[in-house]
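The values are calculated or read from the model by the stated rules, or taken from the named source; none is laboratory data. If you're wondering where the values come from, they're calculated on a predicted model, not measured in any experiment. Don't worry about glycine lacking a Cβ; one is built from the backbone with ideal geometry, like all the others, and counts go over all protein chains shown. Only protein heavy atoms, including side chains, enter the accessible area calculation; ligands, DNA and RNA are left aside. Shrake-Rupley method; radii C 1.70, N 1.55, O 1.52, S 1.80 Å.
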Amino acid sequence: MSRTVNVLQASLSKFRLEPSPQKVPTGGAARFECQIEGVPTPLITWEKDEVAIPEGTRFISLPNGVLQILEVTKHDEGVYRCVASNSAGKDISHEARLSVTSGSTEPLNRVVIVAPPQNATVILGHPAVMECMAQGQPKPLVSWSRQDGKPISTDVVVLATNLVIRDTRRHHAGVYVCRANKPKTREFVIAAAELQVPAPPVILQPPETVSLSRGNTARFLCNSTGEPSPVLHWLKNGQPIKSLRRVKTQSPGVLLINQLAQEDGGYYQCIAENWLGTSCATARLTVIVREGLPSPPRHLSATPYSSTTALLTWEKPEYNSDQIIGYSVHCHSAAGSDNGEYEFAMNNDTTEYLFRELLPHTAYTFFVVAYSPMGASSPSLPVTVEMLEDVPSTPPQLYIASTSRTDIKVKWHPLSSEQSRGVVTQYRIEYSTLDQADSVFSVEVGGNETQFTLRGLQPSQTYRLRIAAGTTVGIGVPSEWVQHKTPPNDSNDSMVIFAPTELKVRTNVNTLNVTWQPSPNHTLVSGYKLSCREVEADETANGERRTQTHTIRLRKKAKYHLLTGMSPDRQYEVRVWAFNKQIDGAAAVWKGKTEKPHAPPTTPGPPPPLPPSIIQATANSSTSIWLRWEKPRFNNVRIINYTVRCSPSGTTNASLVSYYTSSAQEILLRELKPFTHYELAVQSNGVNVLGPFSGTVEESTLADRPSTPPEELQLTVLDSSSVLVSWHPPLEPNGIIISYKILYSGNLSEPEHLWKNLSQDGSITSVEVQGLSSGTRYFFKVGASTDVGPGPYSPIKEVHTPLQKYELNIHAVIGIIVGVCLGLICILLCMCFSFRNSKSREISGGLDSTAGTPQYKRGSCPIPSNMPECSDSYELETLMPPGSQESVQPPTEAPEEQSLMDLEDHLSASLCSNRVEAEVIVHSELLDTGREKEEDGCESKDSNTTRGPSLSEEKYSPLSQPSMPGEEQPLEKLSLAQSPSSLPSVKLVATYNGEMEDTEHQLTADPAPHQEMGLTNGFHSPKIVLRSEHLENGDSRHCSSAPGKAISPGLSPSPFVSTGLVHSTSAAHSYLCP
C-alpha cells in the first residue's frame, strides 16, 4: 500500500470577522481585526482610505489579521479595511472608521489589559500570535513568561507587546502569561492563554525487516508521534490484518506473529493516522525453511479426562526424529469470541501433555510442533475435541407470580453456554411454606422448559421457592430462596404478571436514570411501581430495617424514571415491578453505585502561582527528612501555604505517595522508611488556585537496625558433627547488611550470652557449623547487623545430629595386610641370605675355637697378675669372629686397649661384689674394609696379631660404679652410648641379688631394640649379654671390695677379604674370686 496523500484545492472563504468602527481618545490605542480562511492561508494587509498603511512603530499588523494603532493622533482618523489574498483570489472587507476625540476622557489610573491573549491552535509550521494590549496611566510595562517555568524560545519575536512565532514547532506549545505592571508600583495584572500545536503523524521507530526460521515468533514494533496521538494499524501486502489465532496486535504499535509458517512471509506496513495526515513504514518478513528439519509429529490424539482437563498424545516425526530437542504443544478454542492460544514447551523425552483449566463443554483444537537445533517442523495435523460437561455454575433468574389462589407460576430465563457448562437437561424447583421450612417439596421439569405452574397450594399462604439447573453430570447450585404469598380466598383470580424486561440504570453523581421495557403480559398491567434504597443502610445487625424504602407509582405507559437526590459513591438497589388492581407482579432488580463527585468546574481566575525555588532536602534520621525551600522568584499571586509530595523513588503505586501541607518554608517529613530513596516536590498554593509542582529532589533516609530477622532459616545435617545453616536476607534490612551472627546451643533454656556464636560477612548467607556432638539436639537462630547495630533474631529452629557411624576402611585394611606380607617376605629373604652366608663360612674355614689363657687379653695382651681371686667361679664367654691370620692390621690407638681393660676390671669387681655369675657373649660383625679403617682398635704389640675394637670406658661408664649391696641399680644407665656403626652394639642383662632368693630377678637394660641392632650387611648387629644367676646350693658368694677384673680375651675381627668369607673364634674363660 502506498502512502496516503491529501490533495487540497485552493480556495478563499468569506470573511468570518470584519473590522468594526473605533472611537479612541488622543494618545490611546486602536485595534481592528478581521478573520478569513483559505487554502493556502491568505495574506492579510490593511488600508487606510484605500491606501496601504505604511510600516511604522505605531502601526502593528499581526499575522492573525489584527491591526494595532498605538499612541493615536488626529491624523490617524479615517476609514480602515483589510485585504485578504492568496492563489485563489482576493477579497476586501467592509470599511470601519476610526474617530479620534480631542483630549482624553476620564484618566485611566489602573492598569487594564484591553486585548488579552487567546487560546490558539496552530498547525505545525504555521505562524502563531499571542496578543496582549494594556492601557493605563502611566503606560504599563508588559512582559511575557511561560507557566511551566521554561524560558521562552529564542525564535519567538516580541512585536511591541505581542509574541509572534513565525514557524511554530512542538516545543512552542504551552501556556503563556502576559503581565502588565504599573511603573514604580507593585500593581499588576496578568492574562494567560494556551498555545496548542497539532502535528501530523511521524513514525519514530519503524518496523525492521527480519528473516526467521519456521516456527519462530516475529515481533514488529512501530512507534509514532503526533498531536493528537495518531492511531496505528497494520497491513500485510496492502491488506488489513485482523487479530487471529496466531496474529495479534498489541498496543502501542506491536504486531506479534506466532508459529511462523511460509505463508506468513510478505511486506508488513505500519500506518499512523490523525486528522492532520498519515505516515507509513514498511518491513519485510522472510520465513526460512532449512533442509534436514524434522517432519511434523504424527498420530495426534486428544482425550478429555474431565470437564477441565485433556490428555494430548502424539508420536515422534517420521524423519529426523533423532535431532529433536523439544516440542511445543498448542491449544485454542475452536469457536466463539475467545480465540486465545495457549502454548507450552516440552522436553524431547515425552510425547504427551495434560492440559488443565480448560472450559467445560467447549471445543478445543490442538496441534504440536517439533524443534531441532536447525529449526521447527511444520505443525502437526490439528485435532479438535469437545470437553466433558459439568454442572451449571449459576442458577437461572427466577420470576414468580400467582395465577389463582392455589397456584404459583414460575418462569425463568435459560442459561448461557458459559453458565450452563453443558446441555441443560432438567430444572429442579424446590418450594415450601414459610412456617414449615423443613418440609421441602421439589419438582423436576425438562431442560427445554422455561416456566412451570405449581398447583394445589394453600390460599393466603407465604411460600418460598428456588430453582436449579442440571446437566447429565448433575444439578448445579440453586438460587436464593424467594418468598411469594398466594392470594386470599376472597380475591378474584388473576393472571400472573411478569417482571419488566431490559432494566437498565445509568448512574450519575446525584441521579439514577432508570429505564425498562414493558412486561411480556403488559395488557394485564395497570401501572408500575419503582422503589429505591441504600444497600449499606438496609439492615442493622439484628436484621431490622434502618431506612424506609420509598415506592413510586408510575403510569402504565412509563418506561423510564429519573431518581434525584442520591448521594455520591453509594450503593443502591432499584426495583421495578408491574401491578394491577388484584396483584403485584414480579420485580426486576438492579444494584449499583453512584459516581464519585467531580471537581467543581473552574472559572477563569488568577493564574496559578509559580513553584518554589532552591529546594533542599537533608536526611535527619532513619525515619525523617528535613525539606526546605524558598519562595518563587516572581510572586504573581499571594501564596497561602505549600503542599509537599513525598514518594519512594521510582514508585508507580499511587497509594505510596504522601502529601503534606506547610505554611512555613520548611517541613520535617516523619514516619518514613529507613534507608529508602525518596523523591520530593513542593507546590505553591494560592487562594482557590493551586500551582504546579516543582522539579523533584531526591534524598535517602539514614540507615537503621534491621527491623525484621533473616528469612527462611534452614538447617541441613551434613554428618554427625556438622550442620549447614542457610538463610535469606531480611525483608526490611534498613541498610546494608555487614554481618550475620549465628547462635547455637544444645540447651534451649541456656541464657543467650552462653550460646556459641559464629559471625559471617553480610554477603554470605550460609555457613557450615562443625565440631558438634553426635546424637545431640541443637537450637539455632540467626540475626543480621548493619552499621547502626544488630536486628532481631530469627525464630529458633532445632536440628538433631545423628549418631556417629563407624565404617571399616577397606583401603587401610588392605594396606596393613600388604605391609605385613611384605615384612614377612623380607624376613624370609634375610633368613635365607644369612643361612647361605653361614654355609659359606663353614666351607671356607670352618669354625676355629681356641681357648685363651686367663693371663692374656684379646690380641695376646697380658693380664695383670694381681687380679683378685673369687671363691666361686664365674664364666665369661666371648663369641667373636675369628681373626684372619693372613691379613693382620695392627691397631693404631693404644688408649682403646686400656679402656677395655678398665671396663673389664669394673665388670669383674661389680660381679664379685654382688656375688653373681655373669656370662658375657659378644657378637661382633665385620664391616667392609673401608669402614674398618675408620674404627678404633686395640693397639697390638705384634703386627701379626689382629685385634678387634675395644670397648672404651666412656661408653661403659655405668658399669664402673660399684653398686651398694641391696640397692637396685637402674639398668637404663647401662645402655650404650651412640657409637659409630662399625663398633659392636652391646646389650647387658644382669640380675642383682642383695639377698639370695629362689626366684630369679632379671632386669633388662634397653628393652627395646635400637636402630643399631638391625641388619647390617645381612648380619645381626653385635651385642653383649651379661647373665647372672645364683648358686644351686643357695650360698652367697662374696668378692673383695678391691676392683676385680674379669675380661674375656678379645678376638679381634678380621676385616673382610676379597672372598667375603668370615671366620669366627669363640673362647670361654672362667675367673675365681677369692
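Values as computed for the structure displayed
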{"quantity": "Portion, in percent, of the accessible area of segment 623-768 that falls on carbon or sulfur, probe 1.4 Å", "calculated": "49"}
{"quantity": "Rounded Å value of the spacing that divides the Cα centres of segment 555-593 and segment 323-398", "calculated": "47"}
{"quantity": "Given charges at Cβ of Lys, Arg, Asp, Glu: segment 236-342 dipole, positive-most of Q262, T249, I288", "calculated": "T249"}
{"quantity": "Percent of Cα-Cα distances greater than 17 Å, calculated over segment 40-91", "calculated": "37"}
{"quantity": "Highest average packing first - 267-273, 745-751, Cβ atoms within 10 Å", "calculated": "267-273, 745-751"}
{"quantity": "Shape box of segment 202-246 [Cα atoms, principal axes, largest first, Å]", "calculated": "39, 20, 18"}
{"quantity": "Table column - 3J(HN,Hα) (Hz), segment 128-141, Karplus curve with 6.51, -1.76, 1.60, x for Gly and Pro", "calculated": "9, 10, 10, 8, 8, 10, 10, 10, x, 10, x, 4, x, 9"}
{"quantity": "For peptides 218-228, 71-81, 50-60, sequence by mean Cβ density within 10 Å, most packed first", "calculated": "218-228, 71-81, 50-60"}
{"quantity": "Solvent exposure of segment 725-821 as accessible area per residue, Å², 1.4 Å probe", "calculated": "62"}
{"quantity": "Sites Q239 and F344, calculated FRET efficiency, Cβ-Cβ separation with R0 25 Å, nearest 0.05", "calculated": "0.20"}
{"quantity": "Carbon plus sulfur fraction of accessible area for segment 58-117, probe 1.4 Å, in percent", "calculated": "49"}
{"quantity": "³J(HN,Hα), Karplus 6.51/-1.76/1.60, whole Hz, each residue of segment 163-169, x for Gly, Pro", "calculated": "9, 10, 10, 5, 10, 6, 10"}
{"quantity": "Solvent-free Debye scattering, log10 I(q)/I(0), computed from the Cα coordinates of segment 193-351 at q = 0.08, 0.12, 0.17 Å⁻¹", "calculated": "-0.36, -0.69, -1.06"}
{"quantity": "Placed amide H near R533: partners under 5 Å, 5+ positions off or other chain", "calculated": "E573"}
{"quantity": "Euclidean distance between Cα centres, segment 431-488 to segment 723-761, Å", "calculated": "66"}
{"quantity": "Largest to smallest accessible area among C832, C82 [probe 1.4 Å]", "calculated": "C832, C82"}
{"quantity": "Y659-T303 pseudo-label distance in nm [points 7 Å out on the Cα-to-Cβ vector]", "calculated": "6.3"}
{"quantity": "Carbon and sulfur %, accessible surface of segment 161-249 computed with the full protein complex present, 1.4 Å", "calculated": "50"}
{"quantity": "Dipole in debye (nearest 20) - segment 61-154, about Cα centre, beta carbon charges: Lys, Arg +1; Asp, Glu -1", "calculated": "160"}
{"quantity": "Violating pairs (Cα-Cα greater than 23 angstrom) within the set K673/K756; K409/K559; K150/K631; K741/K805; K504/K556", "calculated": "K673/K756; K409/K559; K741/K805"}
{"quantity": "Residues T507 and L554, FRET efficiency given R0 of 22 Å [Cβ-Cβ distance, rounded to 0.05]", "calculated": "0.65"}
{"quantity": "Rg to Rh, two decimals, where segment 651-806 supplies the alpha carbon set and Rh follows Kirkwood", "calculated": "1.24"}
{"quantity": "Inter-site label distance for R284 and I325 at 7 Å from Cα along Cβ, in nm", "calculated": "2.9"}
